[in-house]
Amino acid sequence: MRQTFEYAVLRVVPRVERGECLNAGVLVYCRQLDYLGARLHLDVDRLRALDPTADPAAIGAALQAAGDVCAAEPAAGAAGREVLGSRFRWLTAPRSTVVQPGPVHTGLTADPDAEADRLLRLLVLPVEG
């Protein structure tokens, strides 16, 4: 049986004033199946194309922090101890930082973990040609 899930793309905006971004991850939340997960992938070559001075290590750490909150890792601090829905809402709240969430979308899935993998392939990973 398929359940409702929500997802958002994590975008990297290396120069906020320019508004250029690249997709670097997805967050997936399914309340009915008690699931919150993140899939992350920072394409350093694309990042450098947008901003040669960007710090991939710092941006990667910011992305990993979102992953830590999803996984309730101790490194996530108090945010990682919140209930799943609160963590998802916190991660998807609008912000003006280098790592920003996109809009929240919904769908139906029987397997939110597989859905997270599918969304990563579809929305983040480079298209192989």
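The values are calculated or read from the model by the stated rules, or taken from the named source; none is laboratory data. What you see is a predicted model; the values in this text were computed from it and never measured. Glycine also receives a Cβ, built like all others from the backbone with ideal geometry; neighbour counts cover every protein chain displayed.
Collect the residues in region 2-56 that are in contact with a Cys (Cβ under 9 Å, 6 or more places away or on another chain) and either among the acidic types (Asp, Glu) or not in a strand (DSSP E or B) (or both), keeping them in residue-number order.
The answer is Glu6, Val13, Pro14, Leu50.
Please enumerate the residues belonging to region 119-129 that are in contact (Cβ under 8 Å) with a residue 40 or more places away in the chain and assigned to a helix (DSSP H, G or I).
Leu119, Leu120, Leu123
Out of all the residues in region 1-55, which are of a type in the set (D, E, K, R) and farther than 20 Å from Ala71 by Cβ?
Listed by number, the residues that qualify are Arg2, Arg11, Arg15, Glu17, Arg18, Glu20, Asp43, Asp45, Arg46, Arg48, Asp51, Asp55.
Exactly one condition in (1) in contact with a Phe, Trp or Tyr (Cβ under 7 Å, 6 or more places away or on another chain); (2) at positive phi is false for Ala72; which is it?
Result: Ala72 fails condition (1) only.
Determine which single condition Ala78 fails, assuming it passes every other condition in (1) at pLDDT 95 or above; (2) in a helix (DSSP H, G or I); (3) of a type outside the set (Ser, Thr, Tyr); (4) surrounded by fewer than 11 Cβ atoms within 10 Å (Cβ to Cβ).
(1)
Yes/no per residue for (1) modelled with pLDDT under 95; (2) in contact with an Asp or Glu (Cβ under 8 Å, 6 or more places away or on another chain); (3) under 15 Å from Pro103 (Cα atoms):
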site	(1), (2), (3)
Glu17	yes, no, no
Val26	no, no, yes
Tyr29	no, yes, yes
Leu36	no, no, no
Arg39	no, yes, no
Asp43	no, no, no
Gly60	no, no, no
Ala65	yes, no, no
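Name every residue in region 66-114 that is of a type in the set (A, V, I, L, M) and within 15 Å of Arg39 (Cβ to Cβ), in order of residue number.
Passing the criteria: Ala66, Val69, Ala71, Leu91, Val99, Ala114.
Mind listing just one residue for me: the one in region 24-34 that is in contact with a Leu (Cβ under 8 Å, 6 or more places away or on another chain) and surrounded by fewer than 20 Cβ atoms within 10 Å (Cβ to Cβ) and, of those, nearest to Ala76 (Cα to Cα)?
Only one residue fits best here, namely Asp34.
I need the full set of residues from region 85-118 which are part of a helix (DSSP H, G or I), touching a Lys or Arg at 6+ places or on another chain (Cβ under 7 Å) and crowded, with 17+ Cβ neighbours inside 10 Å, in order please.
Listed by number, the list holds a single entry, Ala116.
Which members of region 1-54 meet the condition of being closer than 29 Å to Gly107 by Cα, acidic (Asp, Glu) and free of Cβ contacts under 8 Å to residues at least 40 places away in the same chain?
Glu20, the sole residue that qualifies.
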